[in-house]
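Written out below as structure tokens is the structure these notes cover.
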Amino acid sequence: MKKVLSLVMGVAALAVASTASAGATKAYWATSGMFGPFAINGLIPTIPADEVRDVTIPVSMWIIEHDKGLVVFDTGNNIEVVNNCKGYWAAGLCDFLKPNQTADTTIDGWLKKLGYTTEDVKVVVTSHAHLDHAGNLKMFPNAIHAFQKAELYQGWWPEKFQGRDGTGPFVTADLEGTREYNFLELDGDYDLFGDGSMVILSTPGHTIGHQSMQVTLDSGKRMLIAQDAVWMQENLDGHAAGLNFSVQAYTNSVNRLKFMKDLQNIPLMMGHDENQWAAGGDRWYK
Ligand SMILES: [Zn+2]
Ligand SMILES: [Zn+2]
């Protein structure tokens with residue numbers, strides 16, 4: 001009997017251990033400063049004229065602690081934007097977006113605030129190659145970089161209508177110098193640590209290889225981190241975003257995330273929603 005009991009207890013201990021190690025422990029929602037204020041229809045041209053308002057939006061980045069290593073999901077605006085926006089981005093983008101990033105709100109500033117250095121980061125997941133998401137890859141030369149392979153192609157050679165001449169949201173300088181980095185080149189969904197806790201979701205449309213993430217915390221709570229697959233509530237309400245590589249693929253991706261949100265009854269964290277950030281930004285999710 002004693003032997004059976006200890007066997008049962010051993011199994012119970014194993015079950016507890018596997019539960020405890022099965023998750024991303026916690027996720028912090030940070031922002032690379034704010035953009036704005038500007039009229040919302042500058043981003044979402046489908047907003048009816050009587051609903052146009054000024055918005056000041058976050059530039060979401062996530063720092064996620066996992067048993068197997070620290071993960072950063074997007075690296076925000078390049079650090080040069082703090083003091084030299086027009087020397088690094090096209091002047092028109094600085095004038096329109098009005099970034100207010102400071103040294104404290106670059107990704108390394110947030111990591112420092114949370115007790116980490118950039119060297120502690122094992123994996124950098126980049127949603128897409130736009131200037132407000134892929135700005136600081138070079139702060140992480142020793143990390144594994146998870147990108148959709150198609151997005152790397154587009155980052156290096158953007159569509160002409162998205163400003164290949166340097167006036168658009170792809171800034172080649174963000175990628176220059178990273179060719180020899182350790183890229184995990186993806187083509188679709190990917191279970192990052194193989195335990196279901198951080199599942200990269202292919203959500204193209206905004207760009208050719210945009211990706212989002214489903215995160216399951218150790219508490220069992222789950223969230224979807226959309227980044228630019230869904231900028232803000234107005235997009236969930238049916239107003240298509242501007243700037244898309246493919247409107248059809250964009251719509252499919254919004255629907256994919258919306259169904260996951262609704263069927264699982266879990267929060268969808270959007271990339272640039274001012275109200276959601278005001279209610280839930282700058283804090284840990286556990
Ligand atoms: Zn974008
Ligand atoms: Zn963005």
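Count the lysine pairs in the stretch 30-140 that are 8 or more places apart or on different chains: how many have C-alpha atoms under 27 angstrom apart? Summing the qualifying lysine pairs gives 15. With 10 Å bins beginning at zero, the pair-distance distribution over Cα atoms of the stretch 23-111 amounts to 16, 37, 28, 16, 2 %. Taking the Cα atoms of the chain, the ratio Rg/Rh between the radius of gyration and the Kirkwood radius comes to 1.01.
The label point for Asp165 and the one for Ala279, both projected 7 Å from the Cα toward the Cβ, are 4.2 nm apart. Per-residue extension of 0.36 nm, minus the Cα-Cα distance of Lys26 and Tyr116, leaves a gain of 31.0 nm for this segment. Under the criterion of Cα pairs below 8 Å and six or more residues apart, the relative contact order for the chain equals 20 percent.
Multiplying each eigenvalue of the alpha-carbon gyration tensor of the stretch 171-229 by 5 and taking the square root yields semi-axes of 25, 15, 11 Å, largest first, rounded to whole angstroms. The mean sequence distance of close C-alpha pairs (under 8 Å, at least 6 residues apart), as a share of the length of the stretch 59-211, puts its relative contact order at 22 percent.
The modelled label-to-label distance between Thr172 and Ala240, using points 7 Å beyond Cα along the C-beta direction, is 3.0 nm. The calculated FRET efficiency for Asn252 paired with Asn84, based on their beta-carbon distance and R0 = 41 Å, is about 0.60.
Each reported figure results from applying straightforward, stated rules to the coordinates on display, with no laboratory input. Remember, it's a predicted structure, so these values are computed and weren't measured experimentally. Cβ: placed from backbone, ideal geometry, glycine included. Neighbour counts: every protein chain shown.
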